[in-house]
Structure formats: structure tokens, C-alpha cells
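Just below is one structure, and these are the notes that go with it.
Please treat every number below as a calculation from the coordinates, not as lab data. Keep in mind the model is a prediction, meaning the values are calculated, not measured. In this analysis, Cβ positions are derived from the backbone assuming ideal geometry, glycine residues included, and neighbour counts consider all displayed protein chains.
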């Protein structure tokens, strides 16, 4: 238990149990994520419980990572301790008390409450199967280690290369796609025959969502002194990321942004293949994936149609947009051709950037791109 404070190592949680931990999960989910509060309940009830639980724990890892008062070393220590809590080797109450005492006003109230009530969330953990617990712990390990690695030396100059962006998206969100795939396969055993393909495509499912979030949040990230954009691409267009000013549009910034919107669009095409591999009778799983893809696609369209946007609020999709996606997807989800036609219509006019050859090679490589290119993952007990 490297780096874990000694007083967290003895799992003797004396927190008062919540009489309805599943109900608490559902209520707090609606406060920490508008999008997933809509999509997760579409899943079959048992899967919805597991995915909600996983999302809340991943959100807590983000809370630790994003707290500005913590040093890089403190973040690493508390992320390691958090993994020990989830593994059942450290005390949830003591951990949450220690972290809550360090959170500043920049942490949202709902996230602070979630951290405070980590013991209640962990009550649900005991309901997970061994496969689900292993997949979740693996996901958390990759995400926390990945964020720690990529934040080292990161500033407004951005990531070095496109490949670095691929690796980041895998560590932060692609691995979430792999985790969900494990959940789905256990729930629907017939998917076992498609395991390798599902895992490969699930990485693009996660990458599309993460890249969309990076683009949408780029100006808010800059206010925190961080930029996740690839300077290799922007330099090719004569744009220096470290010198970007939200108040003055840099020449060709929109051109480089269009390339990345096209990259996210390309990943969405693979993510659509992922959704269509789910049997049509699994309506809840299909709806969960397709609603998520639809919301992502509309966000990309908003950014494409507003190239000079300077805040996430300017490209936020409306309640009417959300309702349209829900209604449209639900109407066609029984037919693959209908889903494909709806996707083609919704994505018409968006730029499309072909993915790097490594993504094609992933179809036959022993490990999918970009996981096999991330050296620090060799030291983690990955199971996929």
C-alpha cells in the first residue's frame, strides 16, 4: 500500500450506514451529472446500479485530481489511498474526512457532499460481482495513474503530439469504455463472442466523449493554467497555444479546432459500430449508448457552428436538443439501418478527420491502440 497514510490502512469504518444506499446513489447522481442522470437510468436496473456506482467513484477521483489546493504529491498520495479504499483495504470514513478537510470553495457543493458520504457509496460496492469490482478497480487505477503522469509539467503549452492526446483520452475515458464493456458482457453472455471487437471499439466510444469535453472546456481549462490540446497540430496552423488569448481570436485557431472536431467525429463512427454490436433486444443498453453518442454529436455540431466560442456555455446543448435526441433515438433504435440513417443525418456537414494508422492496426494488434504505447501501464495489473 505505497503512499497510503497509516491511519487509513485499517478498514474499521464506523460510519452510520445509510438505510437506502441505492436511493442515495440515484439522488446524488442527478446533482453531479446532468447528462448521466439521463442516460444511466435507461440501463436495466441491475446494470444501472453498477454503472451509477462506478460513475460516482470515478467522479470522486476527478474531485481529488482537480482540487487546486493539493500539490502533485498530495494528489498522488490520496489517489493511491482512494484505490485502497475501493479495494477494501483502507477506511472510507477516515479517508473522506481527511480529503473533505482539504477541499476548497472551488469544489462544487455536490462533489463535496459526495466525498463526505463516500462510506454510503461504498455500501453499494459490496453488491458488485467479482468481475464488476475488478473492472472498476482497473479503470480507477489507469485513470488516476494516467492523469498523474500527464499533468507532470503540463501548462498552457498543451500536449506535445496527437499521439499524446490519444494516450490521454485512453487513460481518462477509453478505459471507462472497456470497463462498461466488461459490465455489458457479464450481463449479456452472448456478447462474449464479440469481446475483442467490443473492447477495441469501446476505446473510441470513450475517446469521442473525452475529446469533445476537452474542446468544449478548453477556455475554462486555460483559466486553471492547463491546456490539453496538441501543440503539434496547432503549430502546423501557426497557432502558439501558450499565447492564446480568449479575448482575441488567433488566426487559424478555428482551422485547427475543426481538425479535432473531425477527429472526435471519426471516433463517433467507431462508437456507433460499438452500439450496433449490442443485440436489438437489449433496448436499455442500446439506448444508454446511443443517447450518449447523440448528445456528444450535438455538442460537436454546436462547436462547429460557433467556431469563435470562448466558453462552454456558448456551446451547451439545450433542453430541446436533449429531448430531440431522446425522442429520435428511441424511435429508431430497433433497426440498425434506422440508427445509421439518423446518425448520418445528424452528422451531415461535420468535418471528418481520418484517424491515425495506429487505430486501424488496433484491429489485429495484441493490445489495442493506444494502450500498448503507454509504458507506465505495464506496471498495473490490467485484466483486459
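Rounded, prolate or oblate: which one fits the stretch 55-193, using the alpha carbon gyration tensor with axes a ≥ b ≥ c (rounded when a/c is under 1.5, else prolate when a/b beats b/c, else oblate)? Since a/c reaches 1.5 but b/c is at least a/b, the shape of the stretch 55-193 is classed as oblate. Between the stretch 45-116 and the stretch 231-285, the alpha-carbon centres lie 29 Å apart.
For the chain, the C-alpha radius of gyration divided by 2.2 N^0.38 Å, with N the number of residues, is 0.96. Taking label positions 7 Å along the Cα-Cβ direction at both residue 373 and residue 46, the computed distance is 3.9 nm, reported to one decimal. Label separation (residue 188 vs residue 232): 3.5 nm, computed from points 7 Å beyond Cα along the C-beta direction. Taking 0.36 nm per residue of separation and subtracting the current Cα-Cα distance, fully stretching the chain between residue 324 and residue 220 would add 34.7 nm.
Over the chain, dividing the summed -39,500 (n - 2.57) contributions of all DSSP H runs of at least 4 residues by the number of residues returns a 222 nm mean residue ellipticity of -19500 deg cm²/dmol. Is any residue of the stretch 178-218 close enough, with backbone N under 17 Å, to a label point placed 7 angstrom from the Cα of residue 305 along the Cα-Cβ axis, and if so, which? Under cut-off, by backbone N: 216. Three principal axis extents of the stretch 195-261 based on alpha-carbon atoms, in descending order, are 47, 25, 15 Å. Extension gain, residue 134 to residue 112, is 5.3 nm, computed as 0.36 nm per intervening residue step minus the present C-alpha separation. When each of the peptides 340-347, 131-138 is scored by the mean number of other C-beta atoms lying within 10 Å of its residues, the order from highest to lowest reads 131-138, 340-347. In this label model, residue 195 and residue 273 are separated by 2.0 nm, measuring between points 7 Å along each Cα→Cβ vector.
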